[in-house]
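Everything below concerns the one structure shown next.
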Amino acid sequence: MCLVRIVGLPGDPGIGARLAKYLGIEHISVFSKKFPDGEIYLRILEEIENENVLVVQSMYPVQGDRLVELLLALEVLNRYRNKVSVLITYLAYARQDREFLKGEPISLFSIIRAMKAQGLNSLITIDAHNPLAVKEAIGSTRYFNLLPGEIFAEVLLGKYKATELTVVAPDQGATERATLLASKLGCGYVVVKKVRDKVTGQVSHTFDSLDTVSDVAVIVDDIISTGGTIAGIASYLRNRGTKTVVVASHALLVGDAYERLIKAGVEEIYSIPTIPHTFSSVVYVDVVPFLIRKLGEEGILT
Ligand code: R5P
């Protein structure tokens, strides 16, 4: 059974419609609203029964609302016996992937298991914070995580020579991301040691590994939220005369995060449109051709 419909939920950053257009299949929108007391209502605007469906949703902003919309859509699609794959362009609650302090929930497990309970057939994420933990939570349900290193590499190699570049992972968790990007760029990478205070959330780095970085540092991360993780590293690099560019899949850029990064010496920020709002000063790389290729390779389109 090949993919016959794409359902774009309210958080979809326009990716569902573009995928559908490219594939020549139907894109179905939903109607959603909030009741006066704040509860979410959702209705899929066409009947879909016993079909192969791809649901597209991003979970920011607002994380809780976007999660509820997804669970509601899964309930109705499952009840009508559809085979449902879900593409989550930005997976929220992914950073609480273990119990750091006694009594904390593993938020990631909680949301993935809620989706699984509504009967999804496959889950696809773009640059999830910790894909191994998603895998652990989702168990036997089909799951894969797409790392967009190759599309960022193509853009960077249009501007820089590989010999000028060193990829910087801002913490140990970004090592796989950095390895992939460095291999696509044909340059080296270093990993900065980061420690986050479990109670205050305050971040501190050990910078020794940055001493071997060449002329242009490419800091690669999954998320830029407050910019705190990257700003500290960028300031250090600026003081040693290194140009810094940042590559991050999910540019949430909360509050004054953008200004904070520029003030710290970041000269360019590259991202992909995984959330519905974009920032004029960020360079967004088109992710749709990459998604078509990867979803095809994984058999989601056939
Ligand atoms: C955490 O480990 C993530 O990979 C990101 O490094 C983090 O979420 C970035 O957050 P912020 O921009 O607030 O430092």
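Filtered by the rule that a residue be out of contact with any Phe, Trp or Tyr (no Cβ under 8 Å at 6 or more places or on another chain) and part of a loop (DSSP other than H, G, I, E, B), region 1-17 gives MET1, CYS2, LEU3, VAL4, LEU9, PRO10, ASP12, PRO13, GLY14. Is it the case that some residue within region 123-130 is among the β-branched types (Val, Ile, Thr), within 16 Å of the ligand (Cβ to nearest atom) and modelled with pLDDT of 95 or more? Checking region 123-130: at least one residue is among the β-branched types (Val, Ile, Thr), within 16 Å of the ligand (Cβ to nearest atom) and modelled with pLDDT of 95 or more. Among residues of region 245-280 being without any contact (Cβ under 8 Å) to a residue 60 or more places away in the chain, in a loop (DSSP other than H, G, I, E, B) and within 16 Å of the ligand (Cβ to nearest atom), the one that is surrounded by the most Cβ atoms within 10 Å (Cβ to Cβ) is LEU253. Against the condition more than 16 Å from the ligand (Cβ to nearest atom) and under 17 Å from the mean Cα position of the chain (by Cα), how does LYS116 come out, does it pass? It is false that LYS116 is more than 16 Å from the ligand (Cβ to nearest atom) and under 17 Å from the mean Cα position of the chain (by Cα).
Just need a number here: residues in region 282-301 that are assigned to a loop (DSSP other than H, G, I, E, B) and modelled with pLDDT of 95 or more. Qualifying residue count, region 282-301: 4.
Tallying residues that are without any contact (Cβ under 8 Å) to a residue 40 or more places away in the chain, among the basic types (Lys, Arg) and in a helix (DSSP H, G or I) within region 43-81 yields 1. Confirm whether GLY173 is under 19 Å from ASP222 (Cβ atoms), modelled with pLDDT under 95, assigned to a helix (DSSP H, G or I) and within 16 Å of the ligand (Cβ to nearest atom). Here the answer is yes, as GLY173 does meet what is asked. Applying the condition of being more than 15 Å from the ligand (Cβ to nearest atom) and not hydrophobic (A, V, I, L, M, F, W, C) to region 196-213 and asking which residue is surrounded by the most Cβ atoms within 10 Å (Cβ to Cβ) yields SER209.
No other residue among GLY265, GLY255 is closer than 25 Å to GLY201 by Cα and in contact with a strand residue (DSSP E or B) (Cβ under 6 Å, 6 or more places away or on another chain) apart from GLY265. Could you go through region 181-202 and let me know if any residue there is outside any loop (DSSP other than H, G, I, E, B) and out of contact with any strand residue (DSSP E or B) (no Cβ under 8 Å at 6 or more places or on another chain). There is at least one residue in region 181-202 that is outside any loop (DSSP other than H, G, I, E, B) and out of contact with any strand residue (DSSP E or B) (no Cβ under 8 Å at 6 or more places or on another chain). Checked against (1) closer than 23 Å to GLU267 by Cα; (2) charged (D, E, K, R); (3) surrounded by fewer than 17 Cβ atoms within 10 Å (Cβ to Cβ); (4) away from the ligand (no atom under 15 Å from the Cβ), LYS193 passes all but condition (4).
Note on region 158-190: among residues that are without any contact (Cβ under 8 Å) to a residue 40 or more places away in the chain and charged (D, E, K, R), the one that is surrounded by the most Cβ atoms within 10 Å (Cβ to Cβ) is LYS184.
Picking from THR206, THR166, THR200, which residue would you name as being more than 30 Å from GLU104 (Cα to Cα) and polar (S, T, N, Q)? Answer to the selection: THR166. No other residue among ALA231, ALA217 is within 26 Å of GLN96 (Cβ to Cβ), buried (at least 17 other Cβ atoms within 10 Å of the Cβ) and either of a type outside the set (A, V, I, L, M, F, W, C) or at pLDDT 95 or above (or both) apart from ALA231.
Considering only residues of region 215-244 that are in a loop (DSSP other than H, G, I, E, B) and of a type in the set (Val, Ile, Thr), which is nearest to ASN130 (Cα to Cα)? Looking at the filtered set, the residue picked out is THR226. Candidates in region 214-236 are the residues that are touching a Lys or Arg at 6+ places or on another chain (Cβ under 8 Å) and more than 9 Å from the ligand (Cβ to nearest atom); of these, the one that is farthest from ARG196 (Cα to Cα) is ASP215.
The values are calculated or read from the model by the stated rules, or taken from the named source; none is laboratory data. Source: prediction; values computed, not measured. Cβ atoms come from the backbone with ideal geometry, glycine included; neighbour counts cover every protein chain shown.
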